[in-house]
Amino acid sequence: MSVQPYNEDQTDALQEVANIAMGQAGDSLARILDNFVTLSVPRIRQIAVHELADTVTTMVGDEEEVSAVRQAFYNSLRGEAIVIFTQSGADELAELLGYDCELDTAIEQELLLEVGNLLVGAILNGISETLGTELGFSAPSLMAERAPLHQVLAPDQLSWEHALLVEVNFSVEKHRFKSHLLMFMTEETIETLRGILDEFMDDF
Amino acid sequence: MAIPLTVVDDSRISRKMVIRALPPGWDVEITQAENGEEALAAYRAGKADVMFLDLTMPVMDGYEVLEHLQKESLNTFVVVISADIQPEAQERVKKLGAMAFIKKPVKTENIVAVLEEYGLI
């Protein structure tokens, strides 16, 4: 199935919706990390699954290993959100969250899941509030730990052929912490969202 | 006389949302700018006695615009309109000379409150 790319206005509207949602997610992150969070300009791409690893590597960089958390979302829009933590950032998470004890793997994993869930929840709530849609989401699961990015995003890890990718990132000033939130929406949802974005624009 | 107002945002829909939310009857002459550089150019052309400024933008972001305005002692009434709702973001822009902060999505009542507070309407 081939999908008509979004026009400039639809892309612009989606980028602004992502921007508003990212602002809310960034605020939640800033509160739990007790630090100022620097936000990015959201990036939107329509890609085939085999292009994904290269596209995301260009966005994230591949100098270091990453850990990743994934969560599915459903109702009016269906897809998957993946939060990628660069490893040096993931390693710093405990310190930023105020843990000063020795950490075992289980605690490290729990922190990744917790922060991933916070970001995904905030961004999905932001999107559904702005667009007036209903979105539910599943519990987070750990997708990869200390793995090369290419391996994390290998086509056999993902269940779709062609998707809309929305990327936003969060970094903490004077710290190494950096995470990228990727949202993938599959073909049917690309069309549903096109209609929702057109309606959203009609309001202005 | 109409007040020269520049609305700065990289997103076209966002500029539209801001312009739609302006209080009815506020006499302004609107200029749109897509990034900080265009905003400063608009200011220098006398088109920004009031500036509604986004923060996260390519080319030159809103913080850089505020720094330029401050460094060059330029005189314009800046209202930051941003999705970055961190309290620290609001403190930072006010330290850099912004008069007010309004969160996105922007509402007419929020703009009215700021304009009334400073006697602009």
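The values are calculated or read from the model by the stated rules, or taken from the named source; none is laboratory data. Everything numeric here is computed off the predicted structure, so don't read it as measured data. Note that we place each Cβ from the backbone using ideal geometry, even for glycine, and neighbour counts take in every protein chain shown. Accessible surface areas use protein heavy atoms only, side chains included; no ligands, DNA or RNA. Shrake-Rupley method; radii C 1.70, N 1.55, O 1.52, S 1.80 Å.
Of all residues in the stretch B:63-121, those that are aromatic (Phe, Trp, Tyr) and closer than 17 Å to A:ASN19 by Cβ total 2. Across the stretch A:10-22, the qualifying residues are those that are out of contact with any Ser or Thr (no Cβ under 7 Å at 6 or more places or on another chain) and facing chain B (nearest Cβ under 7 Å), and the one among them that is farthest from A:VAL172 (Cα to Cα) is A:ALA13. Scanning the stretch A:18-33 for any residue that is open to solvent by 20 Å² or more (accessible area, probe 1.4 Å) and touching a strand residue (DSSP E or B) at 6+ places or on another chain (Cβ under 6 Å) turns up nothing.
Just for helices (runs of 4 or more DSSP H) wholly inside the stretch A:75-152: which have at least 2 residues that are more than 17 Å from A:PHE177 (Cβ to Cβ), among the hydrophobic types (A, V, I, L, M, F, W, C) and touching a Lys or Arg at 6+ places or on another chain (Cβ under 6 Å)? First the steps, then the outcome.
Working: elements: A:87-96, A:105-131, A:149-152.
Qualifying helices (runs of 4 or more DSSP H): none found.
Among residues of the stretch A:135-152 that are within 29 Å of A:THR192 (Cβ to Cβ), those with a beta-carbon under 7 Å from a residue that is open to solvent by 60 Å² or more (accessible area, probe 1.4 Å) and assigned to a strand (DSSP E or B) at least six positions away or on a different chain give the pairs A:LEU135/A:ASN75; A:GLY136/A:TYR74; A:GLY136/A:ASN75.
The residues of the stretch A:193-204 that are surrounded by 15 or more Cβ atoms within 10 Å (Cβ to Cβ) and away from chain B (no Cβ under 14 Å), listed by number, are A:LEU193, A:ARG194. The residues of the stretch A:68-95 that are open to solvent by less than 10 Å² (accessible area, probe 1.4 Å) and touching a Gly at 6+ places or on another chain (Cβ under 9 Å), listed by number, are A:ALA68, A:VAL69, A:GLN71, A:PHE73, A:ALA81, A:ILE82, A:VAL83, A:PHE85.
Look at the stretch A:78-107: where a residue is free of Cβ contacts under 8 Å to residues at least 40 places away in the same chain and over 27 Å from A:LEU124 (Cβ atoms) and a partner is open to solvent by less than 20 Å² (accessible area, probe 1.4 Å) and of a type in the set (A, V, I, L, M, F, W, C), sitting 6+ places away or on another chain with Cβ atoms under 6 Å, you get A:LEU103/A:ALA94. Is it true that some residue in the stretch A:39-56 is in contact with a strand residue (DSSP E or B) (Cβ under 9 Å, 6 or more places away or on another chain) and at positive phi? No, the conditions are met nowhere in the stretch A:39-56. Inspect the stretch B:62-70 for any residue being surrounded by fewer than 23 Cβ atoms within 10 Å (Cβ to Cβ) and part of a loop (DSSP other than H, G, I, E, B) and give the result as yes or no. No, every residue in the stretch B:62-70 fails to be surrounded by fewer than 23 Cβ atoms within 10 Å (Cβ to Cβ) and part of a loop (DSSP other than H, G, I, E, B). Scanning the stretch B:71-121 for residues that are in a helix (DSSP H, G or I), small (Gly, Ala, Ser) and open to solvent by less than 50 Å² (accessible area, probe 1.4 Å) yields a single hit, B:ALA89. Does the stretch A:170-190 contain at least one residue that is part of a strand (DSSP E or B), within 24 Å of A:ASN19 (Cβ to Cβ) and among the acidic types (Asp, Glu)? Taking every residue of the stretch A:170-190 in turn, none turns out to be part of a strand (DSSP E or B), within 24 Å of A:ASN19 (Cβ to Cβ) and among the acidic types (Asp, Glu).
Only residues that are open to solvent by 10 Å² or more (accessible area, probe 1.4 Å), of a type in the set (Asp, Glu) and either part of a helix (DSSP H, G or I) or within 14 Å of another protein chain (Cβ to nearest Cβ) (or both) were counted in the stretch B:1-59, giving 4.
Among the residues of the stretch B:77-96, those identified as under 13 Å from B:PHE52 (Cα atoms) and away from chain A (no Cβ under 14 Å) are B:PHE77, B:VAL78, B:VAL79. Among the residues of the stretch A:34-52, just one is buried (at least 20 other Cβ atoms within 10 Å of the Cβ), among the aliphatic types (A, V, I, L, M) and either free of Cβ contacts under 8 Å to residues at least 12 places away in the same chain or more than 8 Å from every other protein chain (Cβ to nearest Cβ) (or both), namely A:LEU52.
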